[in-house]
Amino acid sequence: MLGHDLIKTFVKEYEVISLSKKDLDITQKEETRRTIKAISPDIVINAAGFTDVDGCEKKMHKAFAINGEGTKNVAKGCRATGAKLIYISTDYIFDGEKGSPYDETDLPNPQNIYGESKLLGERYIEKLLDDYLIVRTQWLYGKHGRNFVETIIGLAKKTNRIEVVNDQVGSPTYTADLSWTILALLSKDAKGIFHVSNNGFCTWYGFALDIVKLTGMKGVEIVPISSSALNRPARRPPYSVLNCQKLVKEGGIKMRQWKDALQDYFNYK
């Protein structure tokens, strides 16, 4: 989902070589090293990841192999060739107990395997590289992949009653906006960790309300429920809003409101 938008965005300013998981398995150390060496890129964007949050609980080894060790393999390849590494990380490295937006300097405390494995990826990058950009983001949706927006639209076509959790707070982020922001950060030679999400926040329930409203479908009831009612394998942070002020101050970039981005998503359909 994000990969498609990154390619579409970056191809306007860079020569882009895109590798799917069929082209490169980043869990294979030598294959990853040889591939990066052969291409000899200036920049590597690691958007690969095992992002099935509940699936990570059931397949812990796979989660750490891809999100942790796989990222280490990519970082070593970048170190050998002198490439800058851009890594897509997540709000799930935080426990959600702070009660206010998370800064880049806040102490991570992941509550699920997905968050732990992504944090391990961050740690490897910080240890192995000097020139890197870690982009923490959240609640992604976009045109090329399964996402919450399309899930709600699909359910609304089948039923007039949809239950959605109302005790998790975050910022829905459009992958097209995220891609352009990464490009803008790169143009400023930004380094280190940046929080990047669309402005504003809501619950998944609130997000669903806006989605149904924008579809124009009538007679669909969105029912708020608690996370405990779903009894999902992975614990989600109750409040994982990211503070993007560093993006504004150091990058000169202010993300638009999530509701405006969502409207654009529907206009594009």
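Just a few scattered comments:
- Distant-in-sequence amide contacts of Ile86, defined by a placed amide H-H separation under 5 Å and a gap of 5 or more residues or a different chain, comprise Val44, Ile45, Asn46, Leu133.
- Each of Val44, Val74 has some number of other Cβ atoms within 10 Å of its Cβ, and from fewest to most they run Val44, Val74.
- The modelled label-to-label distance for the pair His61/Glu15, using points 7 Å beyond Cα in the direction of Cβ, is 4.1 nm.
- Between Asp95 and Asn109, the built amide H atoms are under 5 Å apart, and every one of these is 5 or more places off in sequence or on another chain.
- Cleavage-rule hits, chymotrypsin sites (Phe, Trp or Tyr not before Pro), segment 1-103, DSSP coil, Cβ neighbours within 10 Å at most 16: Tyr14
- Separation between Cα centres of segment 208-240 and segment 87-110, rounded to whole Å: 22
- Over the chain, Cα pairs under 8 Å with separation of 6+ residues give a relative contact order of 22 percent.
- Normalised alpha carbon radius of gyration of segment 145-260 [divisor 2.2 N^0.38 Å]: 1.22
- Point-to-point label distance, Asp130-Arg235, nm (Cα→Cβ direction, 7 Å offset): 4.0
- Relative contact order for segment 1-119, counting Cα pairs under 8 Å that sit 6 or more residues apart, in percent: 28
- Relative contact order %, segment 157-242, counting alpha carbon pairs below 8 Å whose residues are six or more apart: 54
- Theoretical ellipticity at 222 nm over the chain - DSSP helices of four or more residues, -39500 (n - 2.57) apiece, nearest 500: -12500 deg cm²/dmol
- In loop segments of segment 75-180 as defined by DSSP, the GluC sites (Glu not before Pro) with at most 12 further C-beta atoms inside 10 Å of their C-beta are Glu97.
- Inter-label distance for Ser187 and Ile153, nm, one decimal - labels placed 7 Å from Cα along Cα-to-Cβ: 2.9
- Of the residues Trp180, Trp139, Trp258, the one that moves most in a GNM of the chain with alpha-carbon contacts below 10 Å is Trp180.
- Straight-line cross-link reach from Lys259 at under 17 Å between alpha-carbon atoms covers these aspartates and glutamates, not counting any fewer than eight positions away in the same chain: Glu150, Asp177, Asp210.
- Rg in Å to one decimal, and Dmax rounded to a whole Å, for segment 148-204 via C-alpha atoms: 15.9, 49
- Annotated for segment 27-162: lysine pairs at least 8 residues apart or interchain, Cα distance under 20 Å, count 27.
Since every read-out is calculated from the coordinates, none of them should be taken as a lab result. Given the structure is predicted, the values throughout are model-derived calculations rather than measurements. Quick reminder, even Gly has a Cβ in these numbers, built from the backbone with ideal geometry, and neighbours come from all protein chains shown.
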